[in-house]
Structures are given as C-alpha cells and as structure tokens.
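S.K.: One structure, as structure tokens, below. Some questions next.
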Amino acid sequence: MKKLQFILFLFLLHIASIKAQSDHKIDSLYLLLSQTKIDSVRTDLHYNIAQEYFKQNADSAFLHTKLSHQYAEKCNYKRGLAKATSNYGRYYFMTQNLDSALIMANRCLELNKEIGDKSYIAQSYMSVGAVNVNRGDLDKGQLYYEKSIELYKELKNLRQLAKLYGNIVVICHHKGDTDKAIDYQNKTLEIALKLKDNELIGLSYHNAAFLYGSTSSYEKSYESELKAIEYRAKDNDLVGLWECYINIAQDLVNLKRYEECISYSRKAIALINKTTKDVNSLALANLNMGEAYTKLKEYSKAEKTYITALNNLKSTHHVREKVAVNIALGRIKTELKQWDSALKYLNIASDLIRDYEDLQINRDIVALKALAYKGKKHYRLAYEHLDEYYTLKDSILNKDNIEKVAKLEAKFEHDKELQIINIEKENEAKLHQEKLKSEKMISRLYLSLLVVVFLGLFFIYRLYLQKKKTDSQKEVLLKEIHHRVKNNLQIVSSLLDLQSNSIDDESTLVAINDGQTRMKAMALIHQNLYQNKHIESISFKDYIEQLVVQVSDGNQIEQEVEHSIEMEDVNFDIDTAVPLGLIVNELLTNAFKYAFTKQDIGQLSIKLEHNQDYYKLSIKDNGLGLPDDYNFEKSKSLGLKLVRRLSKQLYGKAEYTFDNGSVFTIFFKDTETRKEIS
C-alpha cells in the first residue's frame, strides 16, 4: 500500500502552501486581472490563479487553465501556451486520466524545446517522467528524470534536484536496487537540510519512512513519518499531511497500536475529502482502518470499512488492492464462521490475482480457504488446499536461495556468452569479405523483387488505411464530443460554485446548488460514454452506483444511509440515459435532503424491472414521506415537475405512494421502443 501511495504523489510536489495565504493570493490575482486588458498579462494571471486553485479545487483550476490557453493562442504567446499546456497535464494527472496527461506533458516539452529555456525543459522532462512512472513504465520514467537531473545540475537548482532524487528513491526501490535508493535518499536529505526547506525536508523524511517500512523497520518508519508530518504541518501542506497519515496508520497496524491507527486513518479520510477526493487514497485509508478493527475483533466495523474500500476501488484498475480487501473480508467471515461468505470473497481474490505470480498472496488465500472448507466439513477440499498451502510456503522459503543461484548462473552464462561472441566475431570478420561479392549480386535480385511486391502491398494497404481512418475518426470524434461536453458541464458547475460564494440569499443558494447537482449528473453520463468501450451506450447500473455516491458526497448528513441497487446490467443510449439520470438525481437529492432526518440508519433502495413493453424504475426510502394532503400530480416543486415532465418525455409516467417511506415509481420506454411508437 505504501508503494502505491508514494507513486501516486510523485507529480504533486508543488502542493505546499497555507490555504489562507492561497485565498489571499487568488483575490490579489483577480484584482490584477480586472485592471488589465493585455492578453499576454491575462494569460499569466489566469495561469497563476489556476496554480493556486490546484491546491483546493481541480475543476476551478481547469477553468482558468482553459482561459489562460485561450488568451495565449489569441496573442500567439508561446511561453503562455507552454505553461497552460503544463497545467492541462497537471489536471489530467490529478484526475488520473494518464493518457491525456502524457500527451499534454510531451506537448509541453516540445513547446519548451522550441523556446529554448533550459529551466522549463528540465521541468517538462520531470513531468513526462512522473506520468510514465504512474503508468507503470519505471525505466522510461527514470530516463526522463535523469535528463531533468542533468539540466538542473547545469542550472545549479538544488531544490529541484532534491525533488528528483526523492522520486528516484522510489523507482530504485521498486526495481530492487536498495543501495541506489539509499544513496539518492541521503542526497535528498543533505540538500533539504542545506536549503532549510520545509517541503523538501518533509519529503525526505517521508521517503526515509517509505524505505524503513519496506524493510519492516516499522518503528523507524513511524518516527520518520512523524518528522515528515512536523515539517509538512509548518507549510499546512494538506495533501502531504494525509499522505503521511495513511502511511503512519500502516506502521501503527504493524506495531499493534490499533486505536491510534484508526485515529490517523480518520484524519487522512477527512483531509482527502477536503482536498483531492482521490478514491485510491481513500481506499488505502479505509483498508488500514479495517485492518485495525479486525485486530480489535470489531468485525462489524471492519466489514463496513472494507466494503467502503471496495467501493472506492470499484472504478480503478488497482488489482492488488482489491485482492487485499477481499482477502481481509474473507478472513473476517472465517473468524465469524460464515463459511460461504468467506469463500465468496476468497474466490473473488483468487480470480483477481490469477494473472499474477504472487506466492505470498496465494498462500494466504489457500490457507483461509482450507479453514472455510474444514468449517463446511468438506474435508477433501480442505486437505487439498492445506497441501497447496504447505507447497507455497516451501516455495517462499526457498525463493531467496533459488534467486541467488539463478543470479550466479545468469552471470556465468553471460560471461560464457561474451567469450563465444568474441570468437564468433573473429570468424565472422574472416568470412565477411568472402561473402560480400556474392551478397551484392543476390541483393540486387532481391531488391528488384521487393520493389514489385512493395508496390502491390502499398496500394492494398492504402485502401485499407482509408477505410480504417474513416471508422476511427468517427469514434474518436464521438469520444471527444462526450469528453468536451463533460468538461463544459463541469466548468459550468465550477462557475456556479464561484457565483455562490458571493450570494447570501438562502433560496438562491439552494437553486444554484440544485443546478450544480443536475450538471454533475449529466456530466457523469458523458464521462461514462467517453470511457466506455462502446460509446453509444452506458451501463445504467454502474451509472446509478456512481450517482448514489456523488449525491451522497454532495449532501453530507448525520445519519448513516444504507443503499441497495437491484437491477440487471442494462445499457441505455444518451437519449434515454440523460432524462432518466436527471430523474434519479432529483429523487436521490430529495431523499438525502428530506427523508433521513430521524432514523438511526437511513435505507434507500433502487430497483429496475423490465417486461416486454416498458421499464419500471422504483426508488424507495424509509423517511417520513410527503405530507398526507400533498398532491404529487400538481406539485409546483421544480424537482418534482422535472420528474413528471421527463417521465412523459420517455413515453411514461411518474407515480408516488407511501409504504413505510416514500416510493417513487417511474414507468418509461427505451429509445428503440419510442421510435417504434412514433
């Protein structure tokens, strides 16, 4: 977990300033912006505002990055274009769109090379390296970091050198070069102390904690992380602080200080939600807390925390973290003697880890499976898994020796190959001259034949490319449209957010907030269409699961709310998904605002049924419901009006009933059925 968390923030090394100072700086920049009409100056001001917003609100940063880019293009300001492109890359990196981040980082590098400023070229090398590392290409990432290091040495920029050394510490560790990792770590700390730079000193101690933790020196890791927290707190670096909190929580689990682990995990979750809302980091914090609850035998809390971690990881590709959570849930169910549930989670873990040769993880899984089968009195299966457990255990014990022998054999083979190669080179040199004459004649014949074949293949390939290009362009264009629509909706949402800061009227604020939630609901649909392999439709079940989380996050309430989604994996196109998504958004928002006011635990269920003629969507909560004399059909509430009107748009209707809570039922037809009717 530490490894993942560390790599995720290699790119975010500039986030370290006091929020109050940042807000003051933004206000000053806005004031300067209002006093100038020079496009190049406005370019730089919007860029600087975006830089400050990156510490608080990525969407607002994206808005000002776009404005910076527009003004730079307008006045052909190349330095401004490079800076805006750099910010685009930073936004895509923060939102984990790594393909787009890499495109922007490379484009920024080319622009800076055209300008010729070594400082900016070095910074671009660093950015390209960071994106490659996060994409899993450590060698390419290190290559770009080393290019950046050479330039910063030439420029005598010690601060940037220290940051790069810190990044290479992690890469070297992942590649198994511990000595080189320690060497770079010492360089980082030496420079940081020399410069008396709180950010760099904090980063250096954080790197040291990482190295200690990877060698199971948890007490030293804990002490180094406390020092990192001390220096990052001085700068009020919120992102850096919760990064430390996550790692220190892991140390505390290993040190069996479980209550403290829970406390640090909660601090981390609070700061993550306050800053980047990064789902991977939320999952890691919940995983640490779940492990602490498990050790305290508070299994109910542990299970709930692990399930939250799974929900965090749902939209990611972090297989090993998903495996860890499923194993943890399997362990809890084994402790509770709930054998079937235990096997369910353990089988999921087995399926996920199938493509990875990780002996230790597989050993843990088969050990727990053996216990579960024994509990179910399936003794043959229990024995088979126990036998597999001991086989894996022996393999792990012998692994180090096998690797040492393999390295020695590899070195011997390498030396032998070098000797053979040298002998062969001598023989080849003697034969080379003799073959030259005959090869020239043969090559002429081959060349003539190849020219004929090449011309034929060229015309065939050209026809193929023309067809492929047409199909590919259509798909890329559609994806780009959905991506831009999503971005534009997010920008409008950010503008509404900015506008709400200057409004005191409560009813106006409510209206603006409602507008934001509707924008976000539609943006989520376009995001799913953009990310989906088949861009013409989205999985409605996946969309609803994401929408519930989005509405829940936007309506923080005191009560715990449990939700269930019961539907088959149905796909809807945009003509059905958008109105249906807005309907669900309105009803979910109403539930979180008004339904869950007295219950200890709120309950929300969403169910979709389908017969030959229509779909039936039911959304039920366990709240107080609408007043007895309330006429749903004639309600003047904008939200309920939208529900009724959009239901009619889908050739259906909306109904309300009360059954121990509000029950809204939407009958509708999909696009294909509506076309047949019309």
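The values are calculated or read from the model by the stated rules, or taken from the named source; none is laboratory data. Bear in mind that the values here come from a model prediction, so they are computed numbers and not experimental data. Ideal geometry is used to build each Cβ from the backbone, glycine not excepted, and the neighbour counts take in all protein chains shown.
S.K.: Just to be sure before I move on: is A349 modelled with pLDDT of 90 or more, in contact with a Gly (Cβ under 9 Å, 6 or more places away or on another chain) and assigned to a helix (DSSP H, G or I) in the structure I sent?
M.R.: For A349, the condition - modelled with pLDDT of 90 or more, in contact with a Gly (Cβ under 9 Å, 6 or more places away or on another chain) and assigned to a helix (DSSP H, G or I) - is not met.
S.K.: Further question: Does the range 60-70 include one or more residues that are modelled with pLDDT under 90 and under 19 Å from V239 (Cα atoms)?
M.R.: Yes, some residue in the range 60-70 is modelled with pLDDT under 90 and under 19 Å from V239 (Cα atoms).
S.K.: Looking at E545, E566, can you tell me which residue is loosely packed, with under 15 Cβ neighbours inside 10 Å, modelled with pLDDT of 85 or more, of a type in the set (D, E, K, R) and at negative phi?
M.R.: E566
S.K.: Still on this structure, please answer the following. Given the criteria surrounded by fewer than 20 Cβ atoms within 10 Å (Cβ to Cβ), in contact with a helix residue (DSSP H, G or I) (Cβ under 7 Å, 6 or more places away or on another chain) and not in a loop (DSSP other than H, G, I, E, B), does R159 qualify?
M.R.: So R159 fits the description; yes.
S.K.: Under 22 Å from K78 (Cβ atoms), β-branched (V, I, T), at pLDDT 85 or above and assigned to a helix (DSSP H, G or I), is that true of T36?
M.R.: It is false that T36 is under 22 Å from K78 (Cβ atoms), β-branched (V, I, T), at pLDDT 85 or above and assigned to a helix (DSSP H, G or I).
S.K.: Residues that are more than 22 Å from E676 (Cβ to Cβ), at least 1 per element: which strands (runs of 3 or more DSSP E) completely within the range 552-660 meet that?
M.R.: 560-566, 601-610, 615-621, 653-658
S.K.: Look through the range 312-359, keep the residues that are of a type in the set (S, T, N, Q) and more than 25 Å from K541 (Cβ to Cβ), and return whichever of them is nearest to the chain's Cα centre (by Cα).
M.R.: Among residues in the range 312-359 that are of a type in the set (S, T, N, Q) and more than 25 Å from K541 (Cβ to Cβ), the one nearest to the chain's Cα centre (by Cα) is T334.
S.K.: Is it fair to say F658 is of a type outside the set (V, I, T), in contact with a strand residue (DSSP E or B) (Cβ under 6 Å, 6 or more places away or on another chain) and without any contact (Cβ under 8 Å) to a residue 60 or more places away in the chain?
M.R.: Spelling it out, it is not the case that F658 is of a type outside the set (V, I, T), in contact with a strand residue (DSSP E or B) (Cβ under 6 Å, 6 or more places away or on another chain) and without any contact (Cβ under 8 Å) to a residue 60 or more places away in the chain.
S.K.: Any residue in the range 174-193 that is assigned by TED's automatic domain parsing to the domain that holds D137 and modelled with pLDDT of 85 or more sitting within a Cβ distance under 7 Å of a residue that is small (G, A, S) and surrounded by fewer than 14 Cβ atoms within 10 Å (Cβ to Cβ)? List the pairs, counting only those 6 or more apart or interchain.
M.R.: Close Cβ pairs (under 7 Å, with a partner that is small (G, A, S) and surrounded by fewer than 14 Cβ atoms within 10 Å (Cβ to Cβ)) do not exist here.
S.K.: Considering only residues that are farther than 21 Å from D553 by Cα, not hydrophobic (A, V, I, L, M, F, W, C) and not in a helix (DSSP H, G or I), which ones fall in the range 300-342?
M.R.: Selection gives H317, H318, K337, Q338.
S.K.: Scan (1) within 21 Å of G290 (Cα to Cα); (2) in a helix (DSSP H, G or I) for the single condition R232 breaks and write down its number.
M.R.: So R232 meets the others, but not (1).
S.K.: How many residues does the range 199-220 hold that are β-branched (V, I, T) and part of a helix (DSSP H, G or I)?
M.R.: Counting residues in the range 199-220 that are β-branched (V, I, T) and part of a helix (DSSP H, G or I) gives 1.
S.K.: Restricting to the range 79-135, what's the tally of residues that are out of contact with any Phe, Trp or Tyr (no Cβ under 9 Å at 6 or more places or on another chain) and within 23 Å of H173 (Cβ to Cβ)?
M.R.: 2
S.K.: Sticking with this one: Can H14 be described as modelled with pLDDT of 75 or more and closer than 23 Å to N106 by Cβ?
M.R.: The answer is no for H14.
S.K.: Count, please, the residues in the range 276-299 that happen to be among the charged types (D, E, K, R) and part of a helix (DSSP H, G or I).
M.R.: 2
S.K.: Same structure, new question: Cβ contacts < 8 Å: first residue aromatic (F, W, Y), restricted to the range 294-319; second residue outside any helix (DSSP H, G or I), any location; separation 6+ or different chain. Result?
M.R.: Close Cβ pairs satisfying both conditions: Y299/L336.
S.K.: Can you tell me which of (1) of a type outside the set (D, E, K, R); (2) touching a Leu at 6+ places or on another chain (Cβ under 8 Å); (3) modelled with pLDDT of 90 or more is the one V279 doesn't meet?
M.R.: Only one criterion in (1) of a type outside the set (D, E, K, R); (2) touching a Leu at 6+ places or on another chain (Cβ under 8 Å); (3) modelled with pLDDT of 90 or more is unmet by V279, namely (3).
S.K.: A further question on this structure: Just need a number here: residues in the range 209-237 that are under 19 Å from L271 (Cβ atoms) and of a type in the set (G, A, S).
M.R.: 3
S.K.: Can you find a residue in the range 177-198 that is in a helix (DSSP H, G or I), touching an Asp or Glu at 6+ places or on another chain (Cβ under 6 Å) and more than 13 Å from Y165 (Cβ to Cβ)?
M.R.: Yes; the residues of the range 177-198 include at least one that is in a helix (DSSP H, G or I), touching an Asp or Glu at 6+ places or on another chain (Cβ under 6 Å) and more than 13 Å from Y165 (Cβ to Cβ).
S.K.: Oh, and also: Which residue, of H69, H64, is in a helix (DSSP H, G or I) and either under 22 Å from S119 (Cα atoms) or among the small types (G, A, S) (or both)?
M.R.: Unique residue meeting the criteria: H69.
S.K.: Consider the range 288-312. How many of its residues are of a type in the set (A, V, I, L, M) and over 21 Å from L343 (Cβ atoms)?
M.R.: 3
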